[in-house]
Amino acid sequence: MTNVKQTYQTINTLSDLKNLANYSFVEALHPDPDAKKNGIDHSSREVFSGHYVLVAPTPIENPIYISHSKELFKELTFGENLVTSEEFIRLFSGDSSLLPNPLQKLGWATGYALSIYGTEYYEQCPFKTGNGYGDGRAISILEVLINGKRWEMQLKGGGKTSYCRGADGRAVLRSSIREFLAQEHMNALGIPTSRSLCLYTSKTETVKRPWFLNRSYSRDPEVMIEESVAITTRVASSFLRVGQLELFARRARKNEHPKAIQELEMIVLHLIDREYSEDIDRNLPLEKKIILLAKEFSFRLTSLIANWIRVGYCQGNFNSDNCAAGGFTLDYGPFGFIDMFDPQYQPWTGGGVHFSFFNQPNAAMRNYQMFCKALQPLLKSNEKEFEELQNTTDKFSDMMKEKMEQMWASKLGFETYNDEVFNELMKLMIETDVDYTIFFRELSNIPDDIDMLTKSFYGDDKNNAKLLERWSMWLTMWRSHLNVTTLKSKEKLSNQMKQINPKYTLREWFLLPAYKEAQKENYTLIKELQEIMNDPYSEHTSLIEEKYYRLKPLEFFEIAGISHVSCSS
């Protein structure tokens, strides 16, 4: 999409912003014909056709400013004072009733299908048809073009929609803080992601959520607790998901309504326009565009997963509806950053092994297969391209393997992947109970002996002579494969590795004190975490290092709400 509008040097008011509005999603695609024109569409119902439902957000009561992303504000050319202005707070806490024209007073929610690990599910839909599953509390409210780039802004916790499935449409402060901090942290780690604009909570409005007792080891929530509601505004080039393409492909395959195949083609072309316009010539025939789309998404998705594992991130619930069709990280629900290395690490109590840390490449492959399956109805009459799409699908695992090996090589400071060094390292890391982030950061110093590495060891393993001897042998083998011949070359490689292996990651036990203080209207720790986690590769002060660059305290292991979380948010 071409930007024909000029951006203000600094956007200080909504009047400045209104001139940059460009609602491509609602203007290019079909609305639900059964939607209420006033946007008061807040009850769960079946949606049979259309790409979106227009809906009015529900404002939170007595909103309070907590924080905003200074980095994103700069990218958007937003003035710093904008975030605390009355009109800005009103809009991004859910009240769009007083917006100046041509800003739209109604937002939009989208439906999507659900597949879990390559299997279609309908049970999560209250009607068992798949026509009631979608954005139950996420409402997009604005699209703008700023300096040639499109940004869509979406309220998380902005109230009920027709996809709410009987829920209250709210997000709680705890989960909102997690998502707000995590998105900007991932961006700072150099990983494609949705972004965080601002975070507001309510001084008076609360909801009840299932949660765990204090210091519980339970895997299931045990009590209902009352929590403050909040809205975090997430921003992305689009919020198109694999699950959306699946929904329209299902309707086309089953011929559920006369415009089903047309609506599938429309959303696929809109995806290309929004996310792949620089990679795919808009003048190409549809079938050529689809093949290029499948190839480019494969490249982006495999790169994304390799980067997740590089920094120790686990999505936890990587269903197709949580998989952005643009190839970036989306939907920070039950995610987690790994502490002690475990290939089967899973932060979500409902996730199982299939969404665990080292299984994320397989989960991605399943989502990719569903993505390509959703494209198939558009190629039914093109045998050659249909076969090429299948070949592209079949090559996904090879591309994923290649990206993973490139990633491991870079983490280890190698130019090329070495299977022997890697496999022996994995054995040692599992046997030794190693902190994933600290180990690779210390390795980035290119130590001469294992003393620095033992800083990452949990328990008594640092005193196990036989184990330490094996580590010494591995370190010697590893160093023999490095291209280090002088002090200068060692320093250069060390700096390179430190840009691959972060020093700080957003661990859940760092967040716990911030949640507790936020409930008391003290947001100091949130801002402190912002400063550190938005600069995760750098050295910080000794006080910060002592606080955030250390092993997870043993008393936090297996504790509910810290080592594992539920989906209640």
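Which residues' amide hydrogens lie under 5 Å from the amide hydrogen of residue 146, considering only partners 5 or more residues apart or on another chain, with H built in the peptide plane?
Hits under the 5 Å cutoff: 151.
Using only the Cα atoms of the range 304-424, construct the convex hull and provide its projected area averaged over every direction, in square nanometres to one decimal.
Numbers: hull surface 35.1 nm².
Projected over every direction and averaged, the Cα hull of the range 304-424 covers 8.8 nm².
Please arrange 238, 381, 277 by counting, for each residue, the other beta carbons lying within 10 Å of its beta carbon, fewest first. Walk me through the numbers before you get to the answer.
Details: 238 24, 381 8, 277 13.
Lowest count first: 381, 277, 238.
State, to one decimal in nm², a quarter of the convex hull surface area for the C-alpha atoms of the chain, i.e. the direction-averaged projected area. All intermediate terms of the calculation are to be shown ahead of the outcome.
Working: hull surface 105.6 nm².
Dividing the Cα hull surface by four gives the mean projection, 26.4 nm².
For the range 81-154, what percent of Cα pairs sit more than 20 Å apart?
So the portion of pairs separated by more than 20 Å is 50 percent.
What pairs in 488/552; 149/492; 427/455; 18/373; 18/254; 516/552 have C-alpha atoms more than 30 Å from each other? Could you put the intermediate results ahead of the total?
Working: 488/552 34 Å; 149/492 35 Å; 427/455 18 Å; 18/373 39 Å; 18/254 41 Å; 516/552 19 Å.
Beyond 30 Å between Cα atoms: 488/552; 149/492; 18/373; 18/254.
Non-local amide H neighbours of residue 12 (under 5 Å, H modeled in plane, Pro and chain starts lacking H): which ones?
79
Treating cross-link reach as a plain straight distance, find the lysines whose alpha-carbon is under 16 Å from the alpha-carbon of residue 36, omitting any fewer than eight places away in the same chain.
105, 160
Report for the range 180-279 the percent antiparallel among DSSP-assigned beta bridges with both residues inside it, nearest 5. Kindly include the intermediate steps, with their values, before the conclusion.
Details: 12 of 12 bridges.
The answer is about 100 percent antiparallel.
By counting other Cβ atoms within 10 Å of each Cβ, how are 564, 257 ranked from fewest to most? Provide the component values of the computation, followed by the final result.
Working: 564 23, 257 15.
By the 10 Å Cβ count, ascending, the order reads 257, 564.
Explain nothing, just the number: dipole magnitude of the range 252-398 about its Cα centre with +1 on each Lys and Arg Cβ and -1 on each Asp and Glu Cβ, in debye rounded to the nearest 20. Let's see the in-between values first.
Details: 15 positive and 20 negative charges, 41 e Å.
Dipole size: approximately 200 debye.
Place +1 on the Cβ of every Lys and Arg and -1 on the Cβ of every Asp and Glu in the chain, take the dipole about the Cα centre, and give the residue among 24, 351, 76 whose Cα lies farthest towards its positive end.
24
For the chain, find the longest principal axis of its Cα atoms and tell me its angle to the long axis of helix 419-432, 0 to 90°, nearest 10.
90 degrees
Counting other Cβ atoms within 10 Å, keep those with at most 12, restrict to DSSP loop, and tell me which GluC sites (Glu not before Pro) in the range 77-140 are left.
Numbers: sites: 80, 86, 87, 120, 123; in loops: 123.
For GluC sites (Glu not before Pro) across the range 77-140 that sit outside H, G, I, E and B with at most 12 neighbouring Cβ atoms in 10 Å, the list reads 123.
Which whole-Hz ³J(HN,Hα) couplings does the range 548-555 yield from phi under the Karplus relation 6.51 cos²θ - 1.76 cosθ + 1.60, θ = phi - 60°, glycine and proline marked x?
10, 10, 7, 5, 5, x, 4, 5
I need 71, 263 ordered by Cβ neighbour count within 10 Å, fewest first.
On the way: 71 15, 263 19.
So the ranking, lowest neighbour count to highest, is 71, 263.
How big is the Cα convex hull of the range 464-526 in projection, averaged over all directions, in nm²?
Working: hull surface 29.8 nm².
About 7.5 nm², averaged over all directions.
Among all the lysines, which ones have a C-alpha under 16 Å from residue 520's C-alpha, if same-chain residues fewer than 8 places away are not counted?
203
Which of rounded, prolate or oblate describes the range 1-85 when judged by the alpha-carbon gyration tensor and an a/c cut-off of 1.5?
Cα axes put the range 1-85 in the oblate bin.
Which whole-Hz couplings ³J(HN,Hα) result when phi for each residue of the range 279-291 is put into the Karplus expression 6.51 cos²θ - 1.76 cosθ + 1.60, θ = phi - 60°, listed in order with x for Gly and Pro?
9, 10, 5, 5, 8, 6, x, 3, 5, 5, 4, 5, 5
Going by the alpha-carbon gyration tensor, a ≥ b ≥ c the square roots of its eigenvalues, is the range 430-569 rounded (a/c under 1.5) or, if a/c is not under 1.5, prolate (a/b greater than b/c) versus oblate? Before the final figure, lay out the partial values.
Details: a/c = 2.86, a/b = 1.59, b/c = 1.79.
Note, shape of the range 430-569 comes out oblate.
Per residue of the range 315-329, in order, report the coupling 6.51 cos²θ - 1.76 cosθ + 1.60 (Karplus, θ = phi - 60°) as ³J(HN,Hα) in whole Hz, putting x for Gly and Pro.
Those phi angles translate into 5, x, 9, 8, 6, 5, 6, 9, 10, 5, 5, x, x, 10, 6 Hz.
If you scale each eigenvalue of the Cα gyration tensor by 5 and take the root, what three semi-axes come out for the range 133-244, rounded to whole angstrom and sorted largest first?
Numbers: eigenvalues 149, 59, 40 Å².
Output for the range 133-244: semi-axes of 27, 17, 14 Å.
Quick one: which residues, 5+ away or cross-chain, put their amide H under 5 Å from the amide H of residue 341? H built at 1.01 Å from N.
434, 435, 436
Convert 20 °C to kelvin, take the viscosity as 1.002 mPa s, use the Kirkwood radius over C-alpha pairs of the range 414-498 as Rh, and evaluate the Stokes-Einstein diffusion coefficient in µm²/s, rounded to a whole number. Please report the intermediate quantities before stating the final value.
Numbers: Rh = 13.3 Å.
Value of D from the Cα-based Kirkwood radius: 161 µm²/s.
Can you tell me the equivalent ellipsoid semi-axes for the range 75-199? Use √(5λ) from the Cα gyration tensor, largest first, whole Å. Show your work: numbers first, answer last.
Values: eigenvalues 156, 73, 42 Å².
Square roots of five times the eigenvalues give 28, 19, 15 Å.
How big is the dipole moment of the chain about its Cα centre under a simple scheme where the beta carbon of each Lys and Arg is +1, that of each Asp and Glu is -1, and everything else is neutral? Debye, nearest 20, please.
On the way: 66 positive and 75 negative charges, 166 e Å.
Using Cβ point charges on Lys, Arg, Asp and Glu, the chain gives about 800 debye.
Based solely on its DSSP helices, what 222 nm [θ] is calculated for the chain when runs of n ≥ 4 H residues each add -39,500 (n - 2.57) and the sum is averaged over all residues, nearest 500 deg cm²/dmol?
Values: 18 runs with 217 residues, N = 569.
The helix contribution divided over the chain gives -12000 deg cm²/dmol.
Please identify the trypsin sites (Lys or Arg not before Pro) of the range 151-255 that satisfy two criteria: DSSP loop assignment and at most 13 other Cβ atoms within 10 Å. Which are they?
Working: sites: 156, 160, 165, 170, 174, 178, 195, 203, 208, 215, 219, 234, 241, 250, 251, 253, 254; in loops: 160, 165, 170, 215, 219, 254.
Passing sites in the range 151-255 are 215, 219, 254.
Relative contact order for the range 252-398: what is it in percent, counting Cα pairs under 8 Å that are at least 6 residues apart? Before the final figure, lay out the partial values.
Values: 159 pairs, mean separation 35.0, N = 147.
Answer for the range 252-398 is 24 percent.
Could you state the angle between the C-alpha long axis of helix 508-519 and the longest principal axis of the C-alpha atoms of the chain, as a value from 0 to 90 degrees rounded to the nearest 10?
Long axis of 508-519 versus the principal axis of the chain: about 50 degrees.
So what's the angle, to the nearest 10 degrees on a 0 to 90 scale, between helix 396-412 and the longest Cα principal axis of the chain?
Helix 396-412 sits roughly 40 degrees off the main axis of the chain.
Just add up the charged neighbours of residue 116: K/R +1, D/E -1, any other residue whose Cβ is under 13 Å from the Cβ of residue 116. Intermediate results must be reported in sequence, preceding the final value.
On the way: positive: 366; negative: 120, 123, 246, 321.
Local net charge: -3.
Where a number appears in this text, it was derived from the coordinates with a stated rule and is not lab data. These numbers were taken from a predicted model, which means no experiment stands behind them. Glycine gets a Cβ as well: all are built from the backbone with ideal geometry, and neighbour counts include every protein chain shown.
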